[in-house]
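Visitor: The structure's right below; bear with me while I get my questions together.
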RNA sequence: GGCGCCUUGGCGGAGUGGUUACGCAGAGGUCUGCAAAACCUUUUACACCGGUUCAAUUCCGGUAGGCGCCUCCA
């Protein structure tokens, strides 16, 4: 299994071999839970989910951790608006609980597995303690300084210790944007310094914190969360850190700085893997352009959440996908065709001609593609190849079910758990066959119509009738 | 201002120095009682201009257009 490493020192494909020789440890930057996730967010988690599936199928044990950012400017602002009568702490909890629930529900609907993942909240007591502890140590060693509005990380001190700030993106004066310099309104010593801890402002939730004899009661900065949660759950260095391409800088860069300032080893994670953004009609999704969609939008347009998953898997995670409704429709049609193929597992009478030898090879090809920097488009090609051969080469129900299970483990398209039709429907199909044999065309067509109303279509083949869900 | 990417047939999306994926959609056909599905065929694509080469969509240079990151962001 190989995956592309975004670290500047690498920028190439690397083998995914567990650092500890046993378990591949993966950390995924999760959502900030202040609103519904949009489909761009979701695509990122489809990537992380598929990566874990591919690593596991390549034969490794996997430990996968994902966080919820449940305290930041947006969550606080929104919680105060929606729950003005509660304390800031309670309001924040109410709001983030709600959106964590909705987020998990979205993940399940797009076919992500939740059970293999350890979810951690930034506001978990353990996390809060860990953040205070790390900030305190950074401060003791001179990597953090106290300003009027909070505690900041000193990039200068980090550099002086001989480490590189700029492991993911070359950082220098030339490529610092105007906007960033203009927005540099905080009480920092240098533009790139970032907040480790923010002192409480009126109406904000806060946690007690004393540093250098000062009362700094307030809340953690964004980057420190991931440094602490990843280490608490996975240790350091761990194997793969994933996230959207936009998190490369500054978020992951800052994580690295925090996580390695006190260590001899400057490596936080061996591999950083980033997924590209999806575009809407060729443009980046943004609230200002009002071109973002949620899973609810997809469903209300009549599409299956798994069609969205398929759409995402149809392009490579490191290339931008252009999302259009037309392309989603194509994915939905393909999904329907794959489901019709999968439904043949219930119909051995029609398909029991030959052995399923090509199936083993077919799945091997999918796995090989997935192991090559998660080349899901290629893997899907192998899948459609197999599906197209299905009818010609015959289906042995038990082997077919086993194959579908493997395919599901890789793609999460849920092709293997599709139920059979009812006995009553099977009786109707048999009845129609009798009518056809007797050349009672009107009766046979009536039965076909009736079945169709129940969502079951029938086609007649040389081997007898075959149904599929229309 | 700095860095990087992209431009393929109706749509999406791979890939390759010469044999031209795949999916979706359209057309015709085989098959069928009719359908459907499947199968076959089909609409012969690689932004533009130069260059290298026996040969370029594929390599090099330039032009045009588009996109992303450098700031909260998946």
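Visitor: When the range A:301-324 is examined, which residues are found to be farther than 14 Å from residue A:43 by Cβ and surrounded by 15 or more Cβ atoms within 10 Å (Cβ to Cβ)?
Guide: Matches in the range A:301-324: A:303, A:304.
Visitor: Just for the range A:454-466: of the residues that are within 22 Å of residue A:334 (Cα to Cα) and more than 10 Å from RNA strand B (Cβ to nearest atom), which one is surrounded by the most Cβ atoms within 10 Å (Cβ to Cβ)?
Guide: Of everything passing the filter in the range A:454-466, A:456 is surrounded by the most Cβ atoms within 10 Å (Cβ to Cβ).
Visitor: Here is a further query. Condition first: loosely packed, with under 14 Cβ neighbours inside 10 Å and touching a residue at least 60 places away in the same chain (Cβ under 8 Å). Can you find one or more residues in the range A:440-450 that meet it?
Guide: Within the range A:440-450 (the criterion being loosely packed, with under 14 Cβ neighbours inside 10 Å and touching a residue at least 60 places away in the same chain (Cβ under 8 Å)), the answer is no, since none of the residues qualifies.
Every residue, every condition in (1) farther than 20 Å from residue A:306 by Cα; (2) touching a helix residue (DSSP H, G or I) at 6+ places or on another chain (Cβ under 7 Å); (3) at pLDDT below 85, yes or no:
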position: A:342; (1), (2), (3): no, yes, no
position: A:347; (1), (2), (3): yes, no, yes
position: A:352; (1), (2), (3): yes, no, yes
position: A:359; (1), (2), (3): yes, yes, yes
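Visitor: Out of all the residues in the range A:40-69, which are in a strand (DSSP E or B) and more than 10 Å from RNA strand B (Cβ to nearest atom)?
Guide: A:61, A:62, A:63, A:64, A:65, A:66, A:67, A:68
Visitor: I'd like to know if the range A:19-29 contains one or more residues that are touching a helix residue (DSSP H, G or I) at 6+ places or on another chain (Cβ under 8 Å), closer than 26 Å to residue A:291 by Cβ, within 16 Å of RNA strand B (Cβ to nearest atom) and assigned to a loop (DSSP other than H, G, I, E, B).
Guide: yes
Visitor: Looking only at residues in the range A:291-331 that are assigned to a helix (DSSP H, G or I) and over 20 Å from the mean Cα position of the chain (by Cα), which one is farthest from residue A:376 (Cα to Cα)?
Guide: Of the residues in the range A:291-331, the ones assigned to a helix (DSSP H, G or I) are A:295-300, A:305-313, A:325-331.
Next, only the ones that are over 20 Å from the mean Cα position of the chain (by Cα) stay: A:300, A:325-327, A:329-330.
Working: A:300: 27, A:325: 21, A:326: 20, A:327: 17, A:329: 19, A:330: 17 Å.
Here the residue is A:300.
Visitor: Considering each residue of the range A:237-283, count those that are within 7 Å of RNA strand B (Cβ to nearest atom) and assigned to a strand (DSSP E or B), and give that number.
Guide: 6
Visitor: Restricting the search to the range A:73-106, which residues are crowded, with 19+ Cβ neighbours inside 10 Å and touching a strand residue (DSSP E or B) at 6+ places or on another chain (Cβ under 9 Å)?
Guide: A:75, A:76, A:96, A:99, A:103, A:106
The values are calculated or read from the model by the stated rules, or taken from the named source; none is laboratory data. Here the structure is a predicted model, which is why all the values come from computation and not from measurement. Cβ sites come from the backbone with ideal geometry, for glycine too, and all protein chains shown count toward neighbours.
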